[in-house]
1. If amide hydrogens are placed 1.01 Å from N in the peptide plane, which non-local residues have theirs closer than 5 Å to the one on I553?
2. Roughly how tilted is helix 87-96, in degrees to the nearest 10 and between 0 and 90, from the longest Cα axis of the chain?
3. Counting heavy atoms of the protein chains only and a 1.4 Å probe, report the per residue accessible area for the chain as a whole number of Å².
4. Looking at this model, which pairs from K69/K287; K218/K418; K165/K557; K428/K474 are more than 27 angstrom apart at the alpha-carbon?
5. Percent of accessible area on the chain owned by carbon and sulfur, 1.4 Å probe?
6. Report, in degrees rounded to the nearest 10, the 0 to 90 angle that the Cα long axis of helix 272-285 makes with the longest principal axis of the chain.
7. I need the fraction of alpha carbon pairs in region 136-241 separated by more than 23 Å, rounded to a whole percent.
8. Step through the residues of region 304-311 one at a time and calculate ³J(HN,Hα) from phi using the Karplus curve (6.51 cos²θ - 1.76 cosθ + 1.60, θ = phi - 60°), rounding each to whole Hz and writing x for Gly and Pro.
Amino acid sequence: MKLPLYAWFILYPVIIFGQTPVENYPVDSASVTHTGVPQGEILHFTFDGSKIFPGTYREYWVYVPFQYKPSKPACVYIGQDGVQFKAPVVFNNLINSQEMPVTIGVFIAPGRVRAANDSAALDRFNRSFEYDGLGDAYARFLLEELLPEVEKQKTTDGRAIVFSKNGNDRAIGGSSSGAVCAFTAAWERPAEFSRVFSSIGTYVNLRGGARYPSLIRKYEPKPLRIFLQDGSNDLNIYAGNWFLANQDMESALSFAGYEVARVWGEGGHNGNHAAAIFPQAMRWLWKDYPKRVAIGISKNPFLNDILALGKSWEPVGGIYAGIVPLETDTKGNVYFTDVKNGKSYLSDTSGIVRLLKTNVTKSVYRNAQKKKSRTKLGFDKSGNRCAIHAKANFYVQAPQTLGGYYATGKDHTPEVGKIFYVNSKAEKTLVDKGLKNPNGLALTPDQTQLYVTESNSHWVWIYNIQPDGKLVNKQQYGWLHSPDTSENAQPGALQCDRDGRVYVATNMGVQILDQVGRVNAILPLPVTQGQVTGLCFGGSDFSEIYVTCNNQIFRRKMKVRGANAFDKPLKPAKPKL
């Protein structure tokens with residue numbers, strides 16, 4: 001089959017930079033057409049109905065193996081940049097020899113936005129936009145638009161195309177920018193794509209791909225198996241060094257516990273080596289099938305110190321219209337309010353949720369003069385988050401809005417971006433101002449310092465607490481990761497554990513910092529999209545972390561215990577600098 005011209009687009013940098021080493025590779029028998037091996041069919045279509053990439057037009061090809069029967073949903077391999085690596089021939093041979101399962105191949109061209117007048121203007125070429133950027137846009141394009149479109153088609157003999165929806169039955173691959181695109185799709189949706197083929201991958205700083213090695217080392221491992229290929233004569237240009245970047249990826253993946261294979265050569269930025277080893281890669285990616293791709297164990301000691309083996313997120317309660325952040329009482333029960341119906345709930349230490357008679361975010365107010373009736377919850381009487389301090393004094397922040405309530409001044413105008421100290425006589429004192437929507441407060445375990453998240457940035461601020469409650473030595477102390485789709489981390493609630501680690505709710509999941517402000521670990525979102533907003537420790541021994549995400553509540557058993565503001569001050573061990 002003749003390859004479409006654009007499928008060789010990745011050769012363009014080679015021509016520019018003159019990287020033309022002599023490359024001779026042995027031919028794998030699976031890359032050669034053999035008499036007697038059943039041949040699959042290749043279908044050609046176009047798609048121009050994307051809402052995720054509006055206005056784009058693209059071609060795509062579908063390989064359907066001879067052995068495929070609609071009664072059994074097929075495995076699928078998704079290739080970027082169209083048909084490459086003699087994939088249909090390789091699939092014919094490996095399926096026939098039972099070295100890979102019956103697999104439908106979907107080979108997709110990058111999108112173009114057509115010019116209104118092609119004689120006077122160029123099309124917009126979407127390849128880098130779709131392929132090089134981080135985030136879930138391309139994964140959603142595949143899952144929500146392209147694959148459902150393919151399933152509307154039929155083979156020439158009338159067979160319907162039906163894909164398995166099990167991520168263990170799905171592989172994705174590509175070359176250059178198509179490789180980082182494939183990895184990103186699997187990284188964002190590991191439950192949908194578990195096997196990745198990456199050839200001369202663009203893990204450099206074109207649109208953020210250089211971030212991956214660092215993120216991989218910090219994230220809790222995902223169920224992925226990855227095959228990497230590159231050559232020592234790959235590109236070394238303004239965006240980075242491709243070969244070094246791929247070696248960095250392999251090192252990070254191995255450190256993080258992933259099952260990763262690699263083949264390094266001396267080739268340049270082209271598909272020659274990848275085509276030669278593509279059958280080897282497919283055999284390895286599909287080895288032991290249908291056994292599931294396992295989740296590995298990271299070598300990150302920070303992760304291993306906090307995660308309870310075999311425990312993951314589990315839902316608590318149902319779906320709510322909007323949840324005012326989670327708070328814990330002295331017994332480990334967790335309280336929250338649905339802001340739409342104004343009803344408050346309690347999740348007990350077993351995870352059972354029950355309705356309360358009062359709205360806790362409006363009614364709870366700490367006052368040292370009423371110790372017997374005081375409930376240890378993190379709200380003031382206006383519903384704003386608090387951080388309780390010694391002798392029942394507390395700090396409260398005044399964001400633009402929180403759960404529909406405002407902290408207001410004497411003239412009833414919102415006191416935006418301010419932090420107040422409230423003493424035992426309920427006297428409120430302004431102790432800081434000017435933050436970009438402060439959205440969470442927590443004390444260090446020794447209760448001598450205060451952390452505050454700034455939701456319109458990627459910072460966690462820190463202050464020293466004076467005996468009179470005033471704050472000094474303000475610093476942008478904690479640095480958070482931000483996703484490619486946002487200018488900030490959107491940090492919300494935060495809390496320390498008893499060893500001084502700082503857990504922050506963000507749009508990338510729960511980011512966990514050490515005592516010196518560095519993110520050492522990240523727990524992914526408990527759902528595929530959204531952001532973590534509320535966070536606290538609960539359970540009978542405060543060893544369960546509770547989070548809110550997409551109007552749901554999830555909890556997870558941990559090895560650590562939360563440091564609550566109502567505990568006695570505890571001095572943690574000295575941090576590693």
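The values are calculated or read from the model by the stated rules, or taken from the named source; none is laboratory data. Everything numeric in this text was worked out from a predicted model, so none of it was measured. All Cβ positions, glycine included, derive from the backbone under ideal geometry; neighbour counts span all protein chains shown. The area values use the complete protein model at the heavy-atom level, side chains included, leaving out ligands, DNA and RNA. Shrake-Rupley method; radii C 1.70, N 1.55, O 1.52, S 1.80 Å.
1. Those lying under 5 Å, H to H, from I553 are V316.
2. The angle comes out near 90 degrees.
3. 43
4. Where the Cα-Cα span goes over 27 Å, the pairs concerned are K218/K418; K165/K557.
5. Using a 1.4 Å probe with all protein chains present, the chain comes out at 51 percent carbon and sulfur.
6. 60
7. 35
8. 5, 6, 10, 8, 7, 4, x, 9
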